[in-house]
Structure formats: structure tokens, C-alpha cells
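The values are calculated or read from the model by the stated rules, or taken from the named source; none is laboratory data. Predicted, not measured: the structure shown is a model, and the values here were computed from it. Please note: Cβ atoms are built from the backbone with ideal geometry, for glycine as well, and neighbour counts cover all protein chains shown.
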Amino acid sequence: MRKRFKKIITAAVTATMLMSMGIPAFAVNDDVAIDETSASAVYMEAVEKTDFAQEMDKVYANAVAKGKILKTSESEIDSLLEEVTFATGTERERLKDELADCGVYIYETERASANVQPLSQTADVNVLAPTIAYEAALKEWTVTCGGNWKNGNWNEAVVNGNIGGVDAFGVGYTNTSGTYNSYVVDAMAYITDQNQTETVRTDVRSDGDGQKGFGFRLQDYKNNNKYVGYKWYGSCTYDYRFGSYSGIATGYYVHTYSKGNITNVSFGLNGTTAGVGFDISNKDYSFPAYGNDTPFGVY
């Protein structure tokens, strides 16, 4: 949940996008045909985020002018962004439509489609491709990350006395271009157990200044048969100037156990996956994993 108190915003967006050769066209008045089936899906080929934001501002303004407004709190939007990060297929499309009804639009490219599958360096965890969203009313951009364990192998790594130090997760940016003059408005993260009944949350960003990425470190633990650390999620929200910044966003996750302990996380490194590096004491008692890339803007 975002720690700032924001003005409650709403907008039911019925205007959607016409698609031609993968380039979106947007209906912003009543005399333009609307393809209701395309809803909030946006696929772009080398179109900067600033252009996307301008088009979404028009879609949003058109919906507001028509009086199609729903009351939507920021906490509800945050929850939807979390859900869409983990969703795939038709469920993801439904959630994207629901976010669009709140004036929040998921930014996607053909290389980062709604059905992209997670990728990791280990068979034990899923690390999801980051999701990037634009909230028209506040003119803010949010980048999310997340993942989960795919099996019960976490149990071997967290038996009594073998829990290790904190786990780390977040997003690294590579191939960046444009001038970064944005600032981070909000950040939040959590880890939770298999049934999401026990959760550790933070609104403090542990790593990164936002320019080359962001990250969090939280201590996982075992409570009876529950492993708090089974699932993780984080988000970082930027002001409107993030729209002119381009690159590739990649999610990362580092798990430690036994004597492993993360002492530092660095961003913007050459020759590393996601541009991220980790200083870990007793590194053999840890492993990293990475998600698929999400391009944003021109790079």
C-alpha cells in the first residue's frame, strides 16, 4: 500500500484502442469507432512512453468528460497492480481492463506480451517479468516485480538453524537511454507464505536510487509449516518524467540460507544480468534468479 495519502481518483474507461500492424490508435471522441474487444491492451513498436502517456491522457480525459467515473482508492489500485503482475492469459487481460476502468494503463510492447512466461536460473523459483503501468490522473509510472517458489525445496534451505540472512528482490534497468530526471514517489514490498496468511511488509526501498533500478531486502522465516518468503512482490512509483526514460527492466531474486548473507546490492553494472551485482558473504549458501525482460520506451 502506498504510504502517501492521495486524492481518490476514478474513471470508467470505455474508450479503447484500434490496432493496425501492432501500432495503437486511440478513440478520444464520440464519432470515432471503438473496438470494444481490445480494451486496455497496448502493444507498441519503438514508441516512447511519453507518446503512450499522451494518448492515455486523452483516453482518460474523454472518459471523465462523459461522466463515466467510478470511485477507486489508491489502495485498490495498488492491489490490482499486484494481481496483474502475477496473472497470465485471460485473467491478466481482465485485470488490465479493470485497471483501465480506474484510469491506469498497462504499458506493453510486442516483446513483453501479456502471456510472457517467467524465466529463472533455478528450477525452484519463478521470477516474473516486471509490469509497467501509467496512472493518468496522477501522471505517475509504476514498475512492479514479483515471484514465488514453484515447489517445496525451500524447506531444505530453511530448516531450524539454516534460515540464512535476508532475501533480496527488485528490478534492474539496462540499455538505458534518455536523461533520468525523475524521482521516486513511492515504494513498497512484501514477502508472504504459501497461503498468504502471514506477511512482512515494508515501504522502505533497500537498494537502488531508481535510476538503474530498485530493490528490497526482507528476512524470510519459517513458522511451523508456513514459509514466509514463499512469495514476494515489490513496486516503485515515479513521477511523470520517468516517461522520457527508456531501457529494459528485468526482475531479480536472491535467496540465502545457512551462512549466506547479502551485504550490498549494486545497479548499473556492465556484464551482469539485469545490470545488478551482489556482495554476499559465504556466497555458496545463496543463489540468484532472474525474470524475462520488459522493454520500456526506445532503447
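Points to keep in mind about this one:
- Qualifying residue in the stretch 199-210 (condition: touching a Gly at 6+ places or on another chain (Cβ under 9 Å) and charged (D, E, K, R)): yes
- Enumeration of residues in the stretch 202-234 that are of a type in the set (S, T, N, Q), under 27 Å from Phe296 (Cα atoms) and in contact (Cβ under 8 Å) with a residue 40 or more places away in the chain: Ser206, Gln211
- Only one entry of Gly215, Gly234, Gly210, Gly172 meets the criterion of being within 15 Å of the chain's Cα centre (by Cα), in a loop (DSSP other than H, G, I, E, B) and not basic (Lys, Arg), and that entry is Gly210.
- Given (1) modelled with pLDDT of 95 or more; (2) touching a strand residue (DSSP E or B) at 6+ places or on another chain (Cβ under 7 Å), number of the condition Gly268 does not satisfy: (2)
- Screening the candidates Thr176, Thr144 for the property of being closer than 30 Å to Phe52 by Cα, of a type in the set (S, T, N, Q) and modelled with pLDDT of 95 or more yields one hit, Thr144.
- Comparison of Asp207, Asp193, Asp186 shows that the only residue that is within 24 Å of Ser281 (Cβ to Cβ) and at pLDDT 95 or above is Asp207.
- Where Asp186 falls short, out of the listed (1) crowded, with 16+ Cβ neighbours inside 10 Å; (2) outside any strand (DSSP E or B): (2)
- Criterion: touching a Cys at 6+ places or on another chain (Cβ under 6 Å), surrounded by 20 or more Cβ atoms within 10 Å (Cβ to Cβ) and closer than 30 Å to Phe52 by Cα - qualifying residue of Gly215, Gly291, Gly247, Gly234: Gly234
- Test: residue in the stretch 105-117 that is at pLDDT 90 or above, crowded, with 17+ Cβ neighbours inside 10 Å and among the β-branched types (Val, Ile, Thr): yes
- Val254 vs. criteria under 25 Å from Asn181 (Cα atoms) and either in contact with a helix residue (DSSP H, G or I) (Cβ under 6 Å, 6 or more places away or on another chain) or at pLDDT 95 or above (or both): no
- Within the stretch 56-100, if we keep just the residues that are buried (at least 20 other Cβ atoms within 10 Å of the Cβ) and over 19 Å from Thr237 (Cβ atoms), the residue that is modelled with the highest pLDDT turns out to be Arg92.
- Matching residues, the stretch 189-207, being among the charged types (D, E, K, R), surrounded by fewer than 19 Cβ atoms within 10 Å (Cβ to Cβ) and part of a loop (DSSP other than H, G, I, E, B): Glu198, Asp203
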